[in-house]
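Here is the structure we will look at.
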Amino acid sequence: MLPLTLTDDLLQQILGVTGAAALAATPLVGAGDRNAVDGAAVAGMRQAFSRVPIDGVIVVGEGEKDEAPLLHTGERVGTGAGPRVDVAVDPVDGTRLAAENRPGAIAVMSVAPRGSLFDPGPVFYLDKFVTSGAAAGLRLDAPTVDTLHELAARLDRSVTSLRVAIQDRPRNQAYVDAVRSVGASVVSFRDGDVIPALHAAHPRGSIDLLLGIGGAPEGVLTAVAVRALGGIMQARRSPQTPAERGRTHAAGLSTVEVLELADLAAADGYFFLTAVTDVEGLRELGVDDLPGVRRLATGSETVSLLVSPGGGIRRQADVHKRAADADPAGPGRPATRE
Ligand code: VTB
């Protein structure tokens, strides 16, 4: 697989895509309807893609064509001229957070060489395990208590000092119990495991380990960032309903096999996000907080994050003028940059 090196100009145009999703979702922030947030972001993202010079295929999108007319799996995105890439999108991760105007809703995308990203197929949920490169060799399928002791030893810290992020769902209770049984701290979050995963993968992040069952699409998006940051990630298909289990087995997919980082993201790629609502607590990653989309007199300001292969993290603010005064290049390219 050829390594993917995107020019700065192209990176800017791709960042315009998550920017467009965030801008489109903004009028619905706080309106209480998570599906409306998602619908607006999907439409905004799809429109912005049409100008970006990539030859992209959606590997992780809104679902199969039947139920998702836009940004469905297999859809071609971009102008078709440019690098051949796989694209994973979550137009808004944390639609519920956006609908309730709580912090942590983001528009996210990963772009990686064609053929390199994992296709979750009919599986909606993955059991995820994310930690930093210092913990190489630790495994999702080992007993959690052993993992915690081993992780503490690797980090030369006490096990009680460990901070383990777990999404607050009944399905993750066994992990919560294991973490508390050794006196380590559970960092519980309601929605959105992408940001906690960045912390877990980063050597200086505020989270030592992310555990638990969450969305499969977010898992693939996350894998690209984890790879860039030099972290460790494993996952296991974890269907949550009899119907999902049935589809998974009918497709011949294992719910036991541990997927390695190289299975989830087989080559280096780029990870993009734009804050829809405020994203706080990024200081340990060396970046200031990301304010959510801000309305200005003549348009809006978005703040985004780009993680590149090799682990470079760039935070960027863009001013998007209102359509009437906009740059002729359109929303695919932010009007000005700070
Ligand atoms: C969503 C999403 C999260 O889990 O909550 C999803 O907002 C699915 O979990 O970011 P539920 O169906 O229990 O809500 C995440 O994707 C975390 O992976």
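The values are calculated or read from the model by the stated rules, or taken from the named source; none is laboratory data. Owing to the predicted nature of the structure, the values given are computational and were not obtained by experimental measurement. Reconstructed Cβ throughout: ideal geometry from the backbone, glycine too, with neighbour counts over all protein chains shown. Ligands, DNA and RNA are excluded from the accessible area calculation, which covers all protein heavy atoms including side chains. Shrake-Rupley method; radii C 1.70, N 1.55, O 1.52, S 1.80 Å.
Values computed for the structure shown
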quantity	calculated
Failed criterion for Ala201 (all others in (1) of a type in the set (A, V, I, L, M, F, W, C); (2) touching a Phe, Trp or Tyr at 6+ places or on another chain (Cβ under 8 Å); (3) within 16 Å of the ligand (Cβ to nearest atom) hold)	(2)
Some residue of the stretch 98-109 being assigned by TED's automatic domain parsing to the domain that holds Thr241, within 16 Å of the ligand (Cβ to nearest atom), surrounded by 19 or more Cβ atoms within 10 Å (Cβ to Cβ) and farther than 16 Å from Val42 by Cβ	no
Wholly enclosed helices (runs of 4 or more DSSP H) of the stretch 162-274 bearing at least 1 residues within 18 Å of the chain's Cα centre (by Cα) and surrounded by fewer than 17 Cβ atoms within 10 Å (Cβ to Cβ)	261-264
Gly183 in contact (Cβ under 8 Å) with a residue 12 or more places away in the chain, within 19 Å of Leu211 (Cβ to Cβ) and assigned by TED's automatic domain parsing to the domain that holds Thr302	no
Every residue from the stretch 110-137 that is open to solvent by 10 Å² or more (accessible area, probe 1.4 Å) and over 18 Å from the mean Cα position of the chain (by Cα)	Arg114, Gly115, Pro122, Gly133, Ala134, Ala136, Gly137
Residue in the stretch 178-189 that is closer than 30 Å to Asn101 by Cβ, modelled with pLDDT of 95 or more and within 13 Å of the ligand (Cβ to nearest atom) present	yes
Test: residue in the stretch 108-118 that is closer than 23 Å to Pro170 by Cα and not hydrophobic (A, V, I, L, M, F, W, C)	no
Pairs, first part of a strand (DSSP E or B) in the stretch 122-143, second away from the ligand (no atom under 16 Å from the Cβ) and acidic (Asp, Glu), C-beta under 9 Å, six or more apart	Phe129/Asp141; Thr131/Asp208
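A quick yes/no check of all residues on (1) open to solvent by 10 Å² or more (accessible area, probe 1.4 Å); (2) of a type in the set (Lys, Arg):
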{"site": "Met1", "(1), (2)": "yes, no"}
{"site": "Gln12", "(1), (2)": "yes, no"}
{"site": "Leu15", "(1), (2)": "no, no"}
{"site": "Ala21", "(1), (2)": "no, no"}
{"site": "Gly39", "(1), (2)": "yes, no"}
{"site": "Arg51", "(1), (2)": "yes, yes"}
{"site": "Val59", "(1), (2)": "yes, no"}
